[in-house]
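Working notes, structure below.
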Amino acid sequence: MTPSTEKNRPAPNRLIVAHADAAYTSAVSRHFRRRGWEVHSAPTGPDARRLARKLAPAAIVLGTELTDESGWLTAAKLHHERPDCKVVLVTDETSPDSYLFTAFVGAAALVRREDGPRALEDELLGAALAAVG
């Protein structure tokens, strides 16, 4: 494997969290750090994208309502820039259309904020466990 290929490979258990609610970001960060993840937070969508280019995370969690640009737009840009990175969107309200839009922007999943960090863990680890099993 070449050094440039190695740099672009997603780092297992590295996570970026970008959400407008600092308490939610803190809860998610704490939850995943306890499980051995390296967690980085980003205040905006563009910051999350910059960190993703630098850190090559395994996953990125985005609130749908971010400052500067929406989580939806950030997810679409991340999907284009880093198709190997799993993006999970977090929203306050879901609807059938929001799930369709999640797929449209290339995000792997949409979870409700009220379901807490465990819902994110199920989405992120469910795929990893399915690949092993």
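The values are calculated or read from the model by the stated rules, or taken from the named source; none is laboratory data. Computed from a predicted structure; not experimentally measured. Note: ideal-geometry Cβ built from the backbone for every residue, glycine included; neighbour counts use all protein chains shown. With ligands, DNA and RNA removed, areas are computed over all heavy atoms of the protein, side chains included. Shrake-Rupley method; radii C 1.70, N 1.55, O 1.52, S 1.80 Å.
Structure above, values below:
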quantity: Residue-averaged [θ]222 nm for the chain, counting only DSSP H segments that reach four residues, each worth -39500 (n - 2.57); calculated: -15500 deg cm²/dmol
quantity: For ALA76, net neighbour charge (Lys/Arg +1, Asp/Glu -1) across residues whose Cβ lies under 13 Å away; calculated: +1
quantity: Accessible surface of the range 41-108 [probe 1.4 Å, protein heavy atoms]: carbon and sulfur percent; calculated: 56
quantity: For ASP92, net neighbour charge (Lys/Arg +1, Asp/Glu -1) across residues whose Cβ lies under 15 Å away; calculated: -4
quantity: Neighbourhood charge, 12 Å Cβ-Cβ cut-off, centred on TYR24 and excluding it, Lys, Arg +1 and Asp, Glu -1; calculated: -2
quantity: Average accessible area per residue (Å²) across the chain - probe 1.4 Å, nucleic acids and ligands excluded; calculated: 54
quantity: DSSP H segments from the chain that extend 24 Å or more along their own axis, Cα-based, with Kyte-Doolittle mean of -1.0 or above; calculated: 116-132
